[in-house]
Amino acid sequence: MNRFLRTECFNEQELGLNSTTLLFFNGQLAAFVSLCADKLALNDFEGEGLPRKSVPAIKVARLGRDRRFTQYKFGRRLMYEVFSIALDIADNHLGARYITLDAYPNRVDFYESLGFVDNEPNRKDRRTISMRRDIYSDFELDM
């Protein structure tokens, strides 16, 4: 994540590929989230009531926090900000139905606690787990 922040993050933002929000705590960079556009291909049995199987999404391209600030749950706080941003975008600016991300296997439980589900539950041997969350599903603020 440090390499992403130092070498890719702002270049990609200048190219219009993502938008990154930085969270500072006591003058130190504590966490960040980078968002971009995505699409999600749904299976035939998914997306009940939706007129198509390929739907627009907002992707959490990167989420990171400094280990020194673990106890403050800044990653969770930024994800709640992502939910708010996604809902605003979907309601007022641009069609989008899901929030997507690619989770490292050791972070899947964290994202599941935020209402994300595995996009490909039967696929084995994955370096990252493709996950999604419906923008319009309710969420509880569990800080």
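The values are calculated or read from the model by the stated rules, or taken from the named source; none is laboratory data. Since this is a predicted model, take the numbers as computed values, not measurements. Note that we place each Cβ from the backbone using ideal geometry, even for glycine, and neighbour counts take in every protein chain shown. Side chains are part of the model used for accessible areas, which takes the heavy atoms of the whole protein and leaves out ligands, DNA and RNA. Shrake-Rupley method; radii C 1.70, N 1.55, O 1.52, S 1.80 Å.
What do you reckon, is residue 67 basic (Lys, Arg) and closer than 18 Å to residue 115 by Cα? Taking the combined requirement at face value, the residue does not satisfy it.
Looking at region 75-93, is at least one residue in contact with a helix residue (DSSP H, G or I) (Cβ under 6 Å, 6 or more places away or on another chain), touching a residue at least 40 places away in the same chain (Cβ under 8 Å) and surrounded by 15 or more Cβ atoms within 10 Å (Cβ to Cβ)? Within region 75-93, none of the residues are in contact with a helix residue (DSSP H, G or I) (Cβ under 6 Å, 6 or more places away or on another chain), touching a residue at least 40 places away in the same chain (Cβ under 8 Å) and surrounded by 15 or more Cβ atoms within 10 Å (Cβ to Cβ).
Please tell me if residue 31 is open to solvent by less than 30 Å² (accessible area, probe 1.4 Å), assigned to a strand (DSSP E or B) and farther than 20 Å from residue 135 by Cα. In short, yes.
Restricted to region 86-104, and to residues that are closer than 15 Å to residue 40 by Cα and part of a loop (DSSP other than H, G, I, E, B), which residue is farthest from the chain's Cα centre (by Cα)? Checked region 86-104; the qualifying residue farthest from the chain's Cα centre (by Cα) is 95. Selection of region 94-118 for residues being surrounded by fewer than 16 Cβ atoms within 10 Å (Cβ to Cβ), among the aliphatic types (A, V, I, L, M) and in contact (Cβ under 8 Å) with a residue 24 or more places away in the chain yields only 94. Looking at this structure, is residue 120 touching a strand residue (DSSP E or B) at 6+ places or on another chain (Cβ under 7 Å), part of a loop (DSSP other than H, G, I, E, B), of a type in the set (Asp, Glu) and modelled with pLDDT under 90? It is true that residue 120 is touching a strand residue (DSSP E or B) at 6+ places or on another chain (Cβ under 7 Å), part of a loop (DSSP other than H, G, I, E, B), of a type in the set (Asp, Glu) and modelled with pLDDT under 90.
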